[in-house]
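Chemist: The structure follows.
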Amino acid sequence: MAPVDVETEKSITLPPPHFVLVPLMGQGHTTPMADLACLIVGRGARVSLVTTPVNAARLRGLAAMARSALLPLEIVELPFPPADDGLPRGSNDNSDNVLQLFLSLYRLAGPLEAYVRSLPWRPSCIISDSCNPWTVGVARSVGIPRLTFTGPSCFYSLCDFNVAKHGLLHNGGVVPGMPVQVELSKDTWAAAFLTCMPAWGKFVEEVREGIRMADGAVVNTFLGLEEQFVACYEAALGKPVWALGPFFLNSRDEEARAVDQSAVIAWLDMMDQSTVVYVCFGSLAQMLPKQLYEVGYGLEDSGKPFLWVVKESEIVLPEAQEWLQALEARTAGQGLIVRGWAPQLAILSHRAVGGFMTHCGWNSLLESVAHGVPVITWPHFGDQFLNEWLAVHVLGVGVPVMPFGNDKAMVRGHIARAVSELMGGGAVAEERRIKCKEYKERAHGAIAKGGSSHENLTLLLHSFMWSGSKE
Ligand SMILES: *[C@@H]1O[C@H](CO)[C@@H](O)[C@H](O)[C@H]1NC(C)=O
């Protein structure tokens with residue numbers, strides 16, 4: 001079947017396909033799904049992006065943009081029922097806050113089903129974040145297909161699938177069924193596949209089952225980056241896997257270029273090409289003052305220019321604030337410290353940035369690679385450990401801050417060494433930069449008309465062309 005562009009097919013009388021997108025709500029997880037929504041409506045299909053009242057505020061900009069551009073994108077605010085219904089709940093352990101959030105979203109099943117039933121037509125498909133396994137029941141009950149959006153790399157999703165399939169969730173060692181060598185220590189394994197947190201067991205199993213039962217998977221990656229893992233994952237699932245990324249290159253990259261008025265960008269403008277290391281550990285990871293100091297001293301010791309984003313919550317103690325001010329005074333001219341939020345895409349696309357020290361959340365890693373910026377990897381949680389493996393051992397674009405399998409505490413020496421290694425001269429560092437530039441080219445090629453991500457979206461839209469029906 002030749003790929004058919006939906007834009008041209010619209011002239012025939014079929015209504016455009018309609019997708020109901022169900023993101024993981026909270027903590028900025030909604031962002032890739034909002035980008036996906038833009039991508040789909042940009043191709044003429046219609047999208048309902050589901051949200052809760054608390055999260056709706058974050059999507060106001062997107063809603064306004066869609067209205068002014070007359071795009072068929074609707075933000076649907078579902079009422080959030082109170083927690084009195086005997087649905088699954090984790091322990092009260094503080095480390096389980098994230099789990100609590102995930103489980104609280106199960107309460108949206110009823111409101112989502114009511115919304116879908118209230119529509120005058122049947123939507124073509126639900127695309128649900130894999131961390132919302134409760135959508136399995138909704139899709140079945142209303143009788144429409146469901147695709148799963150897996151947030152991490154396809155590499156991670158494949159590892160997780162294989163490890164679960166072989167009943168090796170508690171092991172350590174070599175990950176089975178992979179086309180490349182992947183080997184983790186027992187502790188890293190438990191952290192990567194979440195068995196280190198027994199309270200998560202039932203939820204994680206439901207997520208895996210929700211992926212296995214879906215009608216296909218949508219991944220935020222591109223074939224030029226992860227082709228062999230996409231192919232293996234498709235074979236493992238026995239379902240189509242659509243690689244449509246990087247989602248943000250279509251929408252927010254434009255926006256990133258528009259924020260060039262900020263002080264951060266003005267500072268970067270003064271720096272030489274590819275000399276600055278950007279340091280940011282994502283929205284969830286929280287550093288203790290002790291760790292914060294090691295990072296700061298390590299950056300100072302490296303002697304390289306740095307742009308470091310520190311969360312407000314990490315410097316609530318007066319001594320931490322004083323320490324940071326002293327560091328700022330000592331490193332004036334070498335470094336810039338940003339408290340709170342920084343425009344990451346604008347930073348990564350700035351010519352002065354030559355490296356990114358990251359926690360290896362998939363969005364951050366993909367953003368870095370798609371902008372041709374090699375990474376220093378410091379994973380904290382879950383899929384980040386395997387994203388690190390992908391960056392360092394498979395793609396060849398990363399330097400681990402800690403030697404693999406070394407669980408000694410992080411100290412300034414590790415940071416300084418990793419920064420020098422990444423930002424320094426020499427053939428190995430140069431090779432990393434060249435590879436990363438190549439991935440950048442491929443990322444832009446993938447989303448351009450005729451590129452693999454563009455084509456995959458055409459095929460995805462095409463396969464749901466006839467499935468929505470007016471009733
Ligand atoms: C995505 O595109 C590739 C190459 O263009 C193609 O081989 C593959 O079948 C497509 N995937 C799906 C799920 O349509």
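The values are calculated or read from the model by the stated rules, or taken from the named source; none is laboratory data. Since the structure is predicted, the reported quantities are computational estimates derived from the model, not experimental observations. With ideal geometry, Cβ positions are generated from the backbone for all residues, glycine too; neighbour counts draw on all protein chains shown. Surface accessibility is based on the protein's heavy atoms, side chains included, excluding ligands, DNA and RNA. Shrake-Rupley method; radii C 1.70, N 1.55, O 1.52, S 1.80 Å.
Chemist: If we keep just the residues of the range 204-233 that are within 10 Å of CYS154 (Cα to Cα) and free of Cβ contacts under 8 Å to residues at least 60 places away in the same chain, which is farthest from the ligand (Cβ to nearest atom)?
Modeler: GLN228
Chemist: Here's something else I'd like to know. Here's a check for you: in the range 235-252, which residue that is touching a residue at least 12 places away in the same chain (Cβ under 8 Å) and within 16 Å of GLY177 (Cβ to Cβ) is farthest from the ligand (Cβ to nearest atom)?
Modeler: Only one residue fits best here, namely ALA236.
Chemist: Hey, another quick one. Report whether or not LEU249 is touching a strand residue (DSSP E or B) at 6+ places or on another chain (Cβ under 9 Å), in a helix (DSSP H, G or I) and under 30 Å from LEU71 (Cβ atoms).
Modeler: no
Chemist: Can you tell me which of TRP200, TRP134 is under 25 Å from HIS18 (Cα atoms) and out of contact with any strand residue (DSSP E or B) (no Cβ under 8 Å at 6 or more places or on another chain)?
Modeler: From the options TRP200, TRP134, the qualifying one is TRP134.
Chemist: Could you go through the range 314-321 and let me know if any residue there is surrounded by 13 or more Cβ atoms within 10 Å (Cβ to Cβ), in contact with a Phe, Trp or Tyr (Cβ under 8 Å, 6 or more places away or on another chain) and either closer than 23 Å to ALA409 by Cα or of a type in the set (Ser, Thr, Tyr) (or both).
Modeler: no
Chemist: Being within 13 Å of the ligand (Cβ to nearest atom) and either of a type in the set (Asp, Glu) or part of a loop (DSSP other than H, G, I, E, B) (or both) is the filter here; which residues of the range 460-469 pass it?
Modeler: PHE464
Chemist: Which pairs have Cβ atoms under 6 Å, sit 6 or more apart or on different chains, and link a residue in the range 293-306 that is assigned by TED's automatic domain parsing to the domain that holds ALA416 and under 13 Å from ALA332 (Cα atoms) to one that is open to solvent by 10 Å² or more (accessible area, probe 1.4 Å) and in a loop (DSSP other than H, G, I, E, B)?
Modeler: From residues that are assigned by TED's automatic domain parsing to the domain that holds ALA416 and under 13 Å from ALA332 (Cα atoms), the pairs are PRO305/MET271; PRO305/THR275; PRO305/GLN334.
Chemist: If a residue has to be within 16 Å of the ligand (Cβ to nearest atom) and either among the aliphatic types (A, V, I, L, M) or in contact with a Ser or Thr (Cβ under 7 Å, 6 or more places away or on another chain) (or both) to count, how many in the range 404-459 make the cut?
Modeler: So the answer is 6.
Chemist: Something else: Check ALA191 against each of (1) within 30 Å of SER463 (Cβ to Cβ); (2) more than 16 Å from the ligand (Cβ to nearest atom); (3) open to solvent by less than 30 Å² (accessible area, probe 1.4 Å) and name the one condition it does not meet.
Modeler: Result: ALA191 passes all but (1).
Chemist: Can you pull out every residue in the range 283-308 that is surrounded by 20 or more Cβ atoms within 10 Å (Cβ to Cβ) and not in a helix (DSSP H, G or I)?
Modeler: Answer for the range 283-308, where residues must be surrounded by 20 or more Cβ atoms within 10 Å (Cβ to Cβ) and not in a helix (DSSP H, G or I): LYS304, PRO305, PHE306, LEU307, TRP308.
Let's see how each residue does on (1) modelled with pLDDT of 95 or more; (2) open to solvent by 30 Å² or more (accessible area, probe 1.4 Å):
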| site | (1), (2) |
| --- | --- |
| LEU395 | yes, no |
| VAL399 | yes, no |
| ARG412 | no, yes |
| GLY425 | no, yes |
| ILE434 | yes, yes |
| MET465 | no, no |
